[in-house]
Amino acid sequence: MSYREKENIINILSGLLITAIYGWAVYQRHLEGSINLTTDYNTWGSVFLVFILVSIIARIIILIIFHIINAIATREEKIPAEDERDELIKLKATRNSHYVFTGGFIMSIMALALGMPVYWLFIAFIMIGLLAEIIDNGSQIYYYRKGV
Amino acid sequence: MGKSHIKTNIRRLRFNADEMTQQQLADAVGASRQTIIAIEKGNYSPSLELAFRIAHTFNSPIEEVFIYEHMELPKKKK
């Protein structure tokens, strides 16, 4: 398995892990009553901002750990430089993830128009974002294996 | 996506060039080894620039390195 494929698998797993842990922590605070996610929509703003920050920091740490473990296991210290094929694969994967995100966004808005509670929209945004990321990394793995 | 209609002689040319490794060719043309593997397998059609760089590495004309198998495109309905 190439470095890029392993990197994409790590990205999918870390995305799932970070979202699950953060979602669980926020939900616990909601159950305790320290925040109210069903009526106080301003809280969602800070929930999203903290999630972005936590996500970036956690991903950096996870990628550093992955790089160290990979370097020890494969004895290759240098991260392979991106070439034209990597860039093309990334572009196609980004296109796929944008399709998913746009589709999910439109469906969420339609559900809101049909009477879904507003707080569900925020939950849907997090889930759609996660799904789009999985599609992005999954597409890259697919193109690396099947050709582009 | 999938197999392209461009076949290559890279494997043979590498063998003739003192059994050049895929990594050596990748370093010479500024691509990754994975890209060279994909080109050899026919899973990736390189850009014109990369194709010329590969040909230049082997001191061969580009048509000796890459062979295009012509296929009729499906006709558009009027």
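The values are calculated or read from the model by the stated rules, or taken from the named source; none is laboratory data. The structure displayed is predicted, hence computed values, not measured ones. A quick note on method: Cβ atoms are made from the backbone with ideal geometry, for glycine too, and the neighbour counts reach across all protein chains shown. Areas reflect the complete protein model, heavy atoms only, side chains present, ligands, DNA and RNA absent. Shrake-Rupley method; radii C 1.70, N 1.55, O 1.52, S 1.80 Å.
See the values below:
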{"item": "Chain B - charge dipole about Cα centre, Lys and Arg +1 at Cβ, Asp and Glu -1, debye rounded to 20", "result": "640"}
{"item": "Degrees, to the nearest 10: A:3-32 long Cα axis against longest axis of chain A", "result": "20"}
{"item": "Spatial separation of Cα centroids for the stretch A:11-33 and the stretch A:110-148, in angstrom", "result": "17"}
{"item": "Spatial separation of Cα centroids for the stretch B:50-78 and the stretch B:11-25, in angstrom", "result": "20"}
{"item": "Chain A - charge dipole about Cα centre, Lys and Arg +1 at Cβ, Asp and Glu -1, debye rounded to 20", "result": "240"}
{"item": "For B:Thr8, residues with placed amide H under 5 Å, excluding near neighbours", "result": "B:Ile67"}
{"item": "Over chain B: Kirkwood hydrodynamic radius from C-alpha pairwise inverse distances, Å", "result": "13.2"}
{"item": "Under the Karplus curve 6.51 cos²θ - 1.76 cosθ + 1.60, θ = phi - 60°, whole-Hz ³J(HN,Hα) for the stretch A:64-77, x wherever Gly or Pro sits", "result": "5, 4, 4, 5, 5, 4, 5, 5, 5, 6, 9, 6, 10, 7"}
{"item": "Within 10 Å of each Cβ in A:79-86, the average number of Cβ atoms from other chains", "result": "6"}
{"item": "Sequence of A:Trp24, A:Trp120, A:Trp44 from largest to smallest accessible area, 1.4 Å probe", "result": "A:Trp24, A:Trp120, A:Trp44"}
{"item": "Under DSSP loop assignment and at most 14 Cβ neighbours within 10 Å, longest GluC sites (Glu not before Pro)-free interval of chain B", "result": "B:20-68"}
{"item": "Pairs of Lys in the protein assembly as shown closer than 19 Å at Cα, counting only those 8 or more apart or on different chains", "result": "12"}
{"item": "Candidate residues A:Asp136, B:Asp27, B:Asp18, A:Asp40: accessible-area rank, largest first, probe 1.4 Å", "result": "B:Asp18, B:Asp27, A:Asp40, A:Asp136"}
{"item": "B:Gly30 long-range amide H proximity, modeled H, under 5 Å", "result": "none"}
{"item": "Accessible area that becomes buried as A packs against B, both chains, 1.4 Å probe, Å², nearest 100", "result": "1000"}
{"item": "Surface accessible to a 1.4 Å probe, per residue, for the residues of the protein assembly as shown, Å²", "result": "65"}
{"item": "Extension gain (nm, one decimal) between A:Glu76 and A:Leu31, 0.36 nm per residue minus Cα-Cα", "result": "11.5 nm"}
{"item": "Rounded percent of accessible protein surface that carbon and sulfur make up, the protein assembly as shown, 1.4 Å probe", "result": "64"}
{"item": "The stretch A:32-103, dipole about Cα centre (Lys/Arg Cβ +1, Asp/Glu Cβ -1), debye to the nearest 20", "result": "140"}
{"item": "Cleavage-rule hits (trypsin sites (Lys or Arg not before Pro)) in the stretch A:38-142: DSSP loop, at most 13 neighbouring Cβ within 10 angstrom", "result": "A:Arg75, A:Lys78"}
{"item": "Given chain A, longest segment not containing exposed loop GluC sites (Glu not before Pro) (DSSP; at most 16 other Cβ within 10 Å)", "result": "A:1-75"}
{"item": "Gaussian network model of chain A, Cα within-10 Å springs - most flexible of A:Thr43, A:Thr74, A:Thr102", "result": "A:Thr74"}
{"item": "C-alpha long axis of helix A:84-113 to longest principal axis of chain A, angle in °", "result": "10"}
{"item": "Residues losing 30 Å² or more accessible surface upon assembly, the stretch B:25-50, compared with the chain by itself, 1.4 Å", "result": "B:Ser32, B:Gln34, B:Thr35, B:Asn43, B:Tyr44"}
{"item": "Heavy-atom accessible area ranking, 1.4 Å probe, most first, across A:Phe101, B:Phe52", "result": "B:Phe52, A:Phe101"}
